[in-house]
């Protein structure tokens, strides 16, 4: 497919808006004494996990889901502040009202990011780039916060573009530029390509989008299984997924691939604590609770298993969620083969307002499932 054909087949105009260090930026906005200083939301100098970090803290390597002790060691002047999720949700609603002014097709991903399909050009601004600029202006005026935006013809490229000029930036990838732009990307920038997958690709001589695009589907299937079609299309700048404003979220979760296999119970427990913190933040972001907790492991030999437990009532708080997750982990110990990937999710979702008193005494039973999620 040449460039002219690519332009002709593409009709969508998609914007991905991503707030800049959202939680930390809200704290710096509301407390002038924190401005320009390294801030970590959540945790403390002695215990806990960082939920979010300001850009000043990120310069020292502080990241979300990092143990607070590690963060404090890397950034001696780090200021810890408690999370205020009610405030973050309120600001997020202001931001979504801005989105609604420009499009009916808005797909929120979390409190601080969303896709918008602005093909219809509701405000008659003449271009998706101009629309993105106006959205960023309105967000700043109404909330005092900055946002970065990516503009392109599909969701895959718009999301990558929003990260190009962070913070407080905008980047546009036009249809005739898509394939060439992807060709120059390191494969690590592709969504879903973690450190271990990137390492496997490197051993196959695949380091960039261009080298990935040279591989046929048969080759990709033989080495990467279910993700082959995604990789094949993404390497060519293709993503046919529409922006779904009424997307029903079935689960909230996170998984992480480790550079070195985990075997000791203590290190697996610590790794799970990090994931619990990250997933619970996403649960709060989405304003949901759920009944079923699922633990996912992939061993060093690539064998994958899941363990799940369904509670009689919604998981009401983080403590109950963590307790269930660690109970599931105990069912797979010892991990003699070593664990290369650890994941955790909550499903059977309902609005947080429906949550009952946290469940603590339900009889524990485990269901083993096969999982083929990417």
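The values are calculated or read from the model by the stated rules, or taken from the named source; none is laboratory data. Worth saying up front: this structure is predicted, and the values here are computed from it rather than measured. When we count neighbours, we look across all protein chains shown, and the Cβ atoms used for this are built from the backbone with ideal geometry, even at glycine.
Only one of these conditions is not met by residue 296: (1) surrounded by 19 or more Cβ atoms within 10 Å (Cβ to Cβ); (2) in a helix (DSSP H, G or I). Which number is it?
Exception for residue 296: condition (2).
Quick one: residue 354 ticks every box in (1) at pLDDT 70 or above; (2) under 22 Å from residue 85 (Cα atoms) bar one, so which box is it?
Checking residue 354 against (1) at pLDDT 70 or above; (2) under 22 Å from residue 85 (Cα atoms), the one that fails is (1).
So in region 201-248, with the set limited to residues that are loosely packed, with under 15 Cβ neighbours inside 10 Å and in contact with a helix residue (DSSP H, G or I) (Cβ under 6 Å, 6 or more places away or on another chain), which one is farthest from residue 11 (Cα to Cα)?
217
Criterion first (surrounded by fewer than 20 Cβ atoms within 10 Å (Cβ to Cβ), farther than 30 Å from residue 118 by Cα and more than 23 Å from the chain's Cα centre (by Cα)) does residue 76 satisfy it?
Answer is yes for this residue.
Report yes if residue 11 is surrounded by fewer than 17 Cβ atoms within 10 Å (Cβ to Cβ) and over 20 Å from the mean Cα position of the chain (by Cα), otherwise no. First the steps, then the outcome.
On the way: surrounded by fewer than 17 Cβ atoms within 10 Å (Cβ to Cβ): yes; over 20 Å from the mean Cα position of the chain (by Cα): yes.
Considered against the rule, which asks whether it is surrounded by fewer than 17 Cβ atoms within 10 Å (Cβ to Cβ) and over 20 Å from the mean Cα position of the chain (by Cα), residue 11 comes out as yes.
Out of the residues in region 167-200 meeting the condition of being under 16 Å from the mean Cα position of the chain (by Cα) and either in contact (Cβ under 8 Å) with a residue 60 or more places away in the chain or crowded, with 18+ Cβ neighbours inside 10 Å (or both), tell me which one is farthest from residue 302 (Cα to Cα). Break it down stepwise before answering.
Of all residues in region 167-200, those under 16 Å from the mean Cα position of the chain (by Cα) come to 188-195.
Filter once more, keeping what is either in contact (Cβ under 8 Å) with a residue 60 or more places away in the chain or crowded, with 18+ Cβ neighbours inside 10 Å (or both): 190, 192-195.
Working: 190: 21, 192: 16, 193: 15, 194: 14, 195: 15 Å.
Step by step, filter region 167-200, then rank; the result is 190.
Given 65, 6, 40, which one is surrounded by 13 or more Cβ atoms within 10 Å (Cβ to Cβ) and modelled with pLDDT of 90 or more? Explain how you work it out, then say what you get.
Values: 65 fails: modelled with pLDDT of 90 or more; 6 fails: modelled with pLDDT of 90 or more.
Exactly one of 65, 6, 40 is surrounded by 13 or more Cβ atoms within 10 Å (Cβ to Cβ) and modelled with pLDDT of 90 or more, namely 40.
What are the residues in region 216-225 that are in a helix (DSSP H, G or I) and either in the same structural domain as residue 303 (by TED's automatic domain parsing) or farther than 15 Å from residue 190 by Cβ (or both), if any?
Taking region 216-225 as the starting set, the residues that turn out to be in a helix (DSSP H, G or I) are 217-225.
Within region 216-225, 217, 218, 219, 221, 222, 225 meet the criteria.
Residue check, residue 164 against (1) in contact with a strand residue (DSSP E or B) (Cβ under 6 Å, 6 or more places away or on another chain); (2) at pLDDT below 95; (3) crowded, with 17+ Cβ neighbours inside 10 Å, all met but one. Which one?
If we test residue 164 against (1) in contact with a strand residue (DSSP E or B) (Cβ under 6 Å, 6 or more places away or on another chain); (2) at pLDDT below 95; (3) crowded, with 17+ Cβ neighbours inside 10 Å, just (3) comes out false.
Please work out if residue 259 is touching a residue at least 60 places away in the same chain (Cβ under 8 Å) and over 21 Å from the mean Cα position of the chain (by Cα).
Details: touching a residue at least 60 places away in the same chain (Cβ under 8 Å): yes; over 21 Å from the mean Cα position of the chain (by Cα): no.
Judged against the criteria, residue 259 is not a match.
Here is a list of conditions, (1) at pLDDT below 90; (2) assigned to a strand (DSSP E or B); (3) crowded, with 16+ Cβ neighbours inside 10 Å, and residue 344 meets all of them except one; can you say which number that is?
Of everything listed in (1) at pLDDT below 90; (2) assigned to a strand (DSSP E or B); (3) crowded, with 16+ Cβ neighbours inside 10 Å, residue 344 misses just condition (1).
Do we find that residue 306 is in a strand (DSSP E or B) and at pLDDT 90 or above in this structure? Outline the logic, then answer.
On the way: in a strand (DSSP E or B): yes; at pLDDT 90 or above: yes.
Against the criterion (in a strand (DSSP E or B) and at pLDDT 90 or above), residue 306 qualifies.
Read through the list (1) under 25 Å from residue 352 (Cβ atoms); (2) outside any strand (DSSP E or B), then give the number of the only condition that residue 107 fails.
(2)
What number of residues within region 79-97 are within 22 Å of residue 243 (Cα to Cα) and buried (at least 20 other Cβ atoms within 10 Å of the Cβ)?
Result for region 79-97: 2.
Just checking: which of the helices (runs of 4 or more DSSP H) contained wholly in region 22-80 hold 3 or more residues that are under 22 Å from residue 318 (Cα atoms) and in contact with a strand residue (DSSP E or B) (Cβ under 9 Å, 6 or more places away or on another chain)? Can you show your working first?
Values: elements: 22-30, 55-58, 68-74.
So the answer is 22-30.
Filter region 258-275 for residues that are touching a strand residue (DSSP E or B) at 6+ places or on another chain (Cβ under 7 Å) and in a helix (DSSP H, G or I); which is nearest to residue 339 (Cα to Cα)?
If we take residues in region 258-275 being touching a strand residue (DSSP E or B) at 6+ places or on another chain (Cβ under 7 Å) and in a helix (DSSP H, G or I), then 268 is nearest to residue 339 (Cα to Cα).
Scan region 205-223 and report the pairs whose first residue is more than 15 Å from residue 236 (Cβ to Cβ) and whose second residue is in a helix (DSSP H, G or I), with Cβ atoms within less than 6 Å and a gap of 6+ or a chain change.
221/228
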